[in-house]
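K.L.:
Would you mind keeping the following structure in view while I ask a few things?
The values are calculated or read from the model by the stated rules, or taken from the named source; none is laboratory data. The structure presented is a predicted model; accordingly, all values stated were derived computationally and were not measured. Cβ sites come from the backbone with ideal geometry, for glycine too, and all protein chains shown count toward neighbours. Note: areas computed on protein heavy atoms with side chains; ligands, DNA, RNA excluded. Shrake-Rupley method; radii C 1.70, N 1.55, O 1.52, S 1.80 Å.
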Amino acid sequence: MIEPLQSLEIPEDSKVTMDEWGLVGSTQKRMKHKLRMMETTDSQGNFLIPLTNRFDLSCDESVRCTAAAGPLRPSSNG
């Protein structure tokens, strides 16, 4: 569950369609710190929702950084 806290302004020429601060988790078990959530598409048209704690970058810079890091993969450590 993600609780949106604040919507951020998106530049007109941006590929980002949503940029918000929010809290992740249920009311019983929630992260203490805010995260930034954005909606965009990659070069193949896949829908992406990157989450980050980088609030010092523009939304486009932040999306580029998270895309360069690659997708998260499930851990096999169970």
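K.L.:
If I ask for residues that are in contact with a Leu (Cβ under 7 Å, 6 or more places away or on another chain) and basic (K, R), which ones from region 11-30 would you list?
P.N.:
Within region 11-30, just R30 meets the criteria.
K.L.:
Also: When region 56-70 is examined, which residues are found to be at pLDDT below 90, closer than 19 Å to M18 by Cβ and of a type outside the set (D, E, K, R)?
P.N.:
Within region 56-70, S62, V63, C65, T66, A67 meet the criteria.
K.L.:
When region 31-58 is examined, which residues are found to be in contact with a Leu (Cβ under 7 Å, 6 or more places away or on another chain), outside any strand (DSSP E or B) and surrounded by 14 or more Cβ atoms within 10 Å (Cβ to Cβ)?
P.N.:
K34
K.L.:
Only residues that are part of a loop (DSSP other than H, G, I, E, B) and open to solvent by less than 90 Å² (accessible area, probe 1.4 Å): list them for region 9-30, please. Break it down into steps so the answer makes sense when it comes.
P.N.:
Step one: list which residues in region 9-30 are part of a loop (DSSP other than H, G, I, E, B), which gives 9-17, 26-29.
Those that are part of a loop (DSSP other than H, G, I, E, B) and open to solvent by less than 90 Å² (accessible area, probe 1.4 Å): I10, P11, S14, V16, S26.
K.L.:
Report every pair of residues separated by at least 6 positions or lying on different chains whose Cβ atoms are under 7 Å apart, first residue within region 23-41 and among the β-branched types (V, I, T), second modelled with pLDDT under 90 and surrounded by fewer than 11 Cβ atoms within 10 Å (Cβ to Cβ).
P.N.:
Within 7 Å, the pairs are T41/F47.
K.L.:
A follow-up question, please. If I ask for residues that are closer than 11 Å to A67 by Cβ and not hydroxyl-bearing (S, T, Y), which ones from region 21-56 would you list?
P.N.:
Scanning region 21-56 gives M38, D42, N46, L48, P50.
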